[in-house]
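The structure appears right after this line, and notes come after that.
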Amino acid sequence: MKRFLQELLKPTPKQAVTIVSGLPRSGTSMLMKMLEAGGIPPLTDQIRTADGDNPKGYYEFERVKKLDEGDTAWLEEAQGKAVKVISALLKYLPQDYTYKMIFMRREIEEILASQRKMLVHRGEPTDTVSDDRMKGLFIKHLAQAEAWMNEQPNIDVIYVSYNDILQDPVKQAKRINQFLGNTLDVEKMAGVVDQALYRQRQDEISPQ
């Protein structure tokens, strides 16, 4: 009887939280949509709605932005789900959870062009920081983020290229599926990749 009670009272093991991360405009929303199609429910709140810059939706959860303020209680709800966390906030993830991290990469020039386009749409200045300066900051930040992730025992990470997904969505969907335990619908994941949304191609970006 004592052992039976101990088993009943034993805390339920925590499920891994699937984190989708990367620089802004690196394809994180597209990946969230792929995971949702594949069978992983997204943790979102629908506060930030779709617009011309992200017509398929942003897949954001506003409380993530308060990680640096210590708001981590929502991670209990995130277990078994996928949630977007911008790369600058990763270091605030608590250590008492395990994470399957899918880190998106994209050609830096395309990210800069996409961010510039978004600022134009919002009527905000685009010349506050030069592209060369921003590129250098991004490269430094990505190196720091990668080094940090590789040191975390509770984080298992895979790096996925936005450009590679668009070139061969099935191949990349298979990689992601294998990383997450081979339980996803690869065909549905690949099917939601929309080539029409690839609007800042590196070979079409004019030098600034």
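The values are calculated or read from the model by the stated rules, or taken from the named source; none is laboratory data. For clarity, every value in this text was computed on a predicted model and none was experimentally measured. With ideal geometry, Cβ positions are generated from the backbone for all residues, glycine too; neighbour counts draw on all protein chains shown.
Taking each residue of region 61-75 that is farther than 17 Å from Pro42 by Cα and hydrophobic (A, V, I, L, M, F, W, C) and looking for partners that are part of a helix (DSSP H, G or I) and modelled with pLDDT of 95 or more with beta-carbon atoms closer than 7 Å, six or more apart or interchain, yields Leu67/Leu89; Leu67/Tyr92.
To keep it simple, each residue is scored yes or no on (1) surrounded by 15 or more Cβ atoms within 10 Å (Cβ to Cβ); (2) at pLDDT below 85; (3) closer than 21 Å to Gly181 by Cβ.
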{"site": "Leu75", "(1), (2), (3)": "yes, no, yes"}
{"site": "Lys81", "(1), (2), (3)": "yes, no, yes"}
{"site": "Tyr92", "(1), (2), (3)": "yes, no, no"}
{"site": "Thr98", "(1), (2), (3)": "yes, no, yes"}
{"site": "Met101", "(1), (2), (3)": "yes, no, yes"}
{"site": "Met104", "(1), (2), (3)": "yes, no, yes"}
{"site": "Gln115", "(1), (2), (3)": "yes, yes, no"}
{"site": "Gly123", "(1), (2), (3)": "no, yes, no"}
{"site": "Asp131", "(1), (2), (3)": "yes, yes, no"}
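For Asn177, state whether it is part of a helix (DSSP H, G or I), farther than 20 Å from Leu90 by Cα and touching a Lys or Arg at 6+ places or on another chain (Cβ under 9 Å). When the stated conditions are applied, Asn177 does not pass them. If the condition is being of a type outside the set (Val, Ile, Thr) and either modelled with pLDDT of 90 or more or part of a helix (DSSP H, G or I) (or both), then region 191-201 contributes Gly191, Gln195, Ala196, Leu197.
Here's the yes/no breakdown for (1) modelled with pLDDT of 95 or more; (2) among the acidic types (Asp, Glu):
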site: Lys135; (1), (2): no, no
site: Gln152; (1), (2): yes, no
site: Ile155; (1), (2): yes, no
site: Gln167; (1), (2): no, no
site: Gln178; (1), (2): yes, no
site: Leu184; (1), (2): yes, no
site: Met189; (1), (2): yes, no
site: Asp203; (1), (2): no, yes
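Among the residues of region 167-191, those that are within 16 Å of the chain's Cα centre (by Cα) and not small (Gly, Ala, Ser) comprise Gln172, Arg175, Ile176, Asn177, Phe179, Leu180, Met189. Report yes if some residue within region 35-48 is surrounded by 22 or more Cβ atoms within 10 Å (Cβ to Cβ), in contact with a Pro (Cβ under 8 Å, 6 or more places away or on another chain), under 19 Å from Gln79 (Cα atoms) and modelled with pLDDT of 60 or more; otherwise report no. For region 35-48, residues surrounded by 22 or more Cβ atoms within 10 Å (Cβ to Cβ), in contact with a Pro (Cβ under 8 Å, 6 or more places away or on another chain), under 19 Å from Gln79 (Cα atoms) and modelled with pLDDT of 60 or more: present. Checked against the criterion of being over 19 Å from Ala16 (Cβ atoms) and polar (S, T, N, Q), the candidates Gln115, Gln95 yield just one match: Gln115. Would region 170-181 turn up any residue that is loosely packed, with under 11 Cβ neighbours inside 10 Å and not acidic (Asp, Glu)? Yes: one or more hits.
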